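The values are calculated or read from the model by the stated rules, or taken from the named source; none is laboratory data. Since the structure is predicted, the reported quantities are computational estimates derived from the model, not experimental observations. All Cβ positions, even for glycine, are placed from backbone atoms using ideal geometry, and neighbour counts span all protein chains on display. Ligands, DNA and RNA are stripped out before the accessible areas are found, and what is left, the full protein with its side chains, is counted by its heavy atoms. Shrake-Rupley method; radii C 1.70, N 1.55, O 1.52, S 1.80 Å.
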Amino acid sequence: LPISQHAGVDEMLESRKYAEIWPDVTLYEAGVPVGTGWNAIAILWDGDESIGWLACDNLLRGDAFTPQTLELLTLYGTTLGHLITRRRAEIARSEMVLEREKLQMMGTFVANISHDLKTPLSVLRNSLYLIDHSADAAKNKQRMGVMQLQIDHLDRLIQDLLLISR
C-alpha cells in the first residue's frame, strides 16, 4: 500500500517518528485480509522528508512481537534512509562534475572557434588596408586573391559550425 493509506502513518509523519508497532491489526496478503497479528513500520527519512518506509509483521512465522523487533526495524530504516540520502548526494555530485566538464568543453570550443574566425578576419582587414594605401594594381589583385581565399575559409568554418549544430 502507499504509505499514506496505512493506518497511523500520518501521525508518525507529523511527529517524525522512526518506527511504530501496531500489536493487533488485520494482516493482508496481496490486498486481501488473511488474519490478525502485529505490524511494524519504519519511516525512511532524508532530512525532514519522508522517502519511503519498511514494514514487517508476523503473518508467515506467527512470532510474538519483541522490543528488539522494533529496535531492529528502526535501525534498518535509519540505515537505509542514510544510504539513500548518501546515494542521492553522490548522484547529484556526479551530475555537477559532469555539468562542469561540459561547461569547460564549451568554453574551450568557443575559444577555439573565436580564434579560428579572428585569423581570417585579421588577414582580410590587413589586405583591405594595404589595398587602400597602395597604387600597385598587380599587388592589389594578388591581395584580393588572398582575401577571396580567406572569405572561402570563413565560409567553410561557418558551414562546419552549422553542421556541428545540426
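Quick check: convex hull of the Cα atoms in the stretch 97-146, volume per residue, rounded to a whole Å³?
In the stretch 97-146, the Cα hull volume divided by residue count equals 46 Å³.
Give me the percent relative contact order of the stretch 22-166, please, defined on Cα pairs under 8 angstrom at least 6 residues apart.
14
Of Ala111, Trp45, Ser122, which is farthest on the positive side of the dipole of the chain, counting Cα position, with +1 on Lys and Arg Cβ, -1 on Asp and Glu Cβ, and the Cα centre as origin?
Ser122
Could you tell me the accessible area of Asp10 in Å² (1.4 Å probe, neighbours in place), rounded to the nearest ten?
Its accessible surface works out to 90 Å², give or take rounding.
Before rounding to the nearest 500, sum -39500 (n - 2.57) across all DSSP H runs of length at least 4 in the chain and divide by the residue total; then give [θ] at 222 nm in deg cm²/dmol.
-22500 deg cm²/dmol
With a 1.4 Å probe and every protein chain kept in, tell me what percent of the accessible surface of the stretch 1-90 is carbon plus sulfur.
Reported share for carbon and sulfur atoms: 55 percent.
Mind checking Rg over Rh on the chain, alpha carbons, Kirkwood formula for Rh?
Ratio of gyration radius to Kirkwood radius: 1.58.
Just to confirm, what accessible area per residue do you get for the chain at 1.4 Å probe, in whole Å²?
73
Work out the FRET efficiency for Arg16 and Gln68 from their Cβ-Cβ distance, taking R0 = 30 Å, and round it to the nearest 0.05.
Calculated transfer efficiency: 0.85.
Can you pull the percent of Cα pairs in the stretch 121-166 with separation above 13 Å?
Cα-Cα pairs in the stretch 121-166 separated by more than 13 Å: 58 percent.
So for each of 90-100, 54-64, 109-119 I average, over its residues, the number of other beta carbons within 10 Å; can you give me the resulting order with the highest mean first?
Packing proxy ranking, top to bottom: 54-64, 109-119, 90-100.
Give the accessible area for Met144 in Å² (nearest 10); use a 1.4 Å probe, count only protein heavy atoms, and leave out ligands, DNA and RNA.
110
Largest first, how would Val9, Val34, Val25 line up by accessible area (1.4 Å probe)?
So, going from the largest accessible area down, we get Val34, Val25, Val9.
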